[in-house]
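The values are calculated or read from the model by the stated rules, or taken from the named source; none is laboratory data. Given the structure is predicted, the values throughout are model-derived calculations rather than measurements. Cβ placement follows ideal geometry from the backbone for every residue including glycine, while neighbour counts extend to all protein chains displayed. Remember, those area values only see protein heavy atoms, side chains included, never the ligands or the DNA or RNA. Shrake-Rupley method; radii C 1.70, N 1.55, O 1.52, S 1.80 Å.
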Amino acid sequence: MTSLVQHVTIDCADAYELAGFWAEVLGSSVSDDDEPGDPEALVETPRAALLFVTVPEPKRTKNRVHLDLRPDDRSRDAEVERLLALGATLVADHRKPNGRGWATMADPEGNEFCVECSAAERAALSGTRMPVSADDVARAVHLAVDVLKESPADNWHAPAGSLEWSCWETVEHLSDDLFAYAVQLGPRKPPTGTEVPYRWAAEREGGPANSIFADPAAGSAGLLQTLEASGALLTAMVRTTPADVRSHHVFGLSDPEGFAAMGIVETLVHTHDIAEGLSLSWAPPADLCDRVLARLFPGAPDDEDRWAVLLWSTGRAELPGRDRVTSWKWHGAPL
């Protein structure tokens, strides 16, 4: 038998006020059950839960345990500036001219914590590829849903770009892809020679063969909810599956990072197809495109616009000076 860390508990003078600061730091919120003046306040995130408890004793010396923060979407130095604006103080600066090092800071009650380099900065410093993460899956799906929800409800049966499917069917297919990648990681012993045996079927001749279909009565809002739900399943499986797990894909065995990258590519390029059919603008972030290109298309050109290269790599666009891709497959095997 083992134990799990339920919370990291922090003694403080004002639990609710300090919880509010840390909620801003972590991009979360104070629990709805907590109010100003309560003796305890909880801040939960997907990776940690902080419980703040009001105590009468003041802080007297340096903490023996502290939190190390790694910014997700900005540099270490930009995060230090953001935290200073929130009310933190700089205690000791261990940042080095070569970009390495960290900053030791303190929250408004003097509890020390450190801000380290982001994953992108670590990759650049070490000359390694930045891995594709569960957060990247969630980001891709959320960006797609936010764009697609702007379309009027009566447009969804238009063809999706150059595909033979409607925009509605293509969202269902994308939801099904994300679901399928998630379940490949689900069994205690993932299959290495076949797919998990769900039943896939098309609703019409020439339509996508899916396990996942949206209820038409729910309208486009319900359709996009199925997409978010499937994206959340893949996000959760990538986040919780050990990196050494391998499972079947038609292009060969892959690992959790590989399935994450596959889900992102499906999301980005099929949102491109759907956006064309719905007359919407869609241009995903270059850093997201770059990470999945490095993981799944390691031989792709590295001197062009990253989104243009991803569209070219999946046969959806021309790239100046290069033959158009007419047949393609990604490199799913672990790198």
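Annotations
- 12 Å Cα-Cα reach of Lys96 towards aspartates and glutamates, excluding residues that sit fewer than 8 places from it in its own chain: Asp77, Glu116
- Largest GNM mean-square fluctuation among Gly110, Gly99, Gly206, using the chain with Cα springs under 10 Å: Gly206.
- Taking Cα centre as origin and charging only the Cβ of basic (Lys, Arg, +1) and acidic (Asp, Glu, -1) residues, the dipole magnitude of segment 289-335 rounds to 260 debye.
- Between Glu203 and Glu57, the contour length at 0.36 nm per residue exceeds the Cα-Cα span by 45.9 nm.
- Gyration tensor verdict on segment 252-291 (Cα atoms; rounded if a/c is under 1.5, prolate if a/b is larger than b/c, oblate otherwise): oblate
- The figure for Leu293 is an accessible area of roughly 0 square angstrom, using a 1.4 Å probe on the protein chains alone.
- Prolate/oblate/rounded label for segment 31-151 (Cα gyration tensor, a/c 1.5): oblate
- When the solvent-accessible area of segment 68-112 is split by element, carbon and sulfur atoms take up 49 percent of it, the probe being 1.4 Å.
- For the chain, the solvent-accessible area of protein heavy atoms averages 53 Å² per residue (probe radius 1.4 Å; ligands and nucleic acids excluded).
- Remark: relative contact order (the chain) = 14 percent; criterion is Cα-Cα distance under 8 angstrom and separation of 6 or more residues.
- Most mobile listed residue (Met105, Met130, Met262) in the chain, GNM with C-alpha springs under 10 Å: Met105
- All lysines inside 25 Å of Lys189 as judged from Cα atoms, apart from same-chain residues fewer than 8 positions distant: none
- Charges were assigned to the Cβ only: +1 to each Lys and Arg, -1 to each Asp and Glu. The resulting dipole of the chain about its Cα centre is roughly 1440 debye.
- Shape category assigned to segment 180-220 from the gyration tensor of Cα positions, a/c cut at 1.5: oblate
- Length released on extending from Asp146 to Val325, taking residue separation times 0.36 nm less the Cα-Cα span: 61.5 nm
- For segment 231-284 versus segment 51-100, the inter-centroid distance based on Cα atoms is 34 Å.
- Membrane-span-like helices in the chain (whole DSSP H runs, Cα extent of at least 24 Å along the helix axis, mean Kyte-Doolittle hydropathy of at least -1.0): 167-184, 219-240, 256-278.
- Relative contact order, percent, segment 168-235 [alpha-carbon distance under 8 Å, six or more residues apart]: 49
- Between the residues Phe113, Trp156, Val141, the greatest Cα displacement towards the positive end of the dipole of segment 98-189, with unit charges on the Cβ of Lys, Arg, Asp and Glu, is found for Phe113.
- Fully extending the segment from Asp154 to Ser75 would add 24.2 nm, taking 0.36 nm per residue of separation and subtracting the current Cα-Cα distance.
- Taking all protein chains as they are arranged and a probe of 1.4 Å, the heavy atoms of Asp93 leave approximately 80 Å² accessible to solvent.
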